[in-house]
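Visitor: Quick one: structure below, then a few questions.
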Amino acid sequence: MKKKKYLQGVTFFISTNMYCDLKKIPDQREISMSELLRELIGDYLTNVTTQHITSQDELREQNKSGEEIR
């Protein structure tokens, strides 16, 4: 039996205009809305994590060099 890859559901509400605009993307790419949203969320989380790590590294470097931390 195939093990399910995605187990957690997320529900949120958007305006009709947002939905219509958003729906065009998976239709054009011939993917599901769920796949698009997983991709977008994954990209966002990767960027946030990368930015957080970069910010932490910058703070460490400032601290080592004696610069004032803002």
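The values are calculated or read from the model by the stated rules, or taken from the named source; none is laboratory data. This one's a predicted model, so the numbers in the text were calculated from it and none came from an experiment. Cβ sites come from the backbone with ideal geometry, for glycine too, and all protein chains shown count toward neighbours.
Visitor: Considering (1) modelled with pLDDT of 95 or more; (2) assigned to a loop (DSSP other than H, G, I, E, B); (3) surrounded by fewer than 10 Cβ atoms within 10 Å (Cβ to Cβ), say which one Gln8 fails and leave the rest.
Guide: The single condition Gln8 does not satisfy is (1).
Visitor: Next up: Tell me the residue from Ser55, Ser34 that is among the small types (Gly, Ala, Ser), at pLDDT below 90 and part of a helix (DSSP H, G or I), please.
Guide: Ser55
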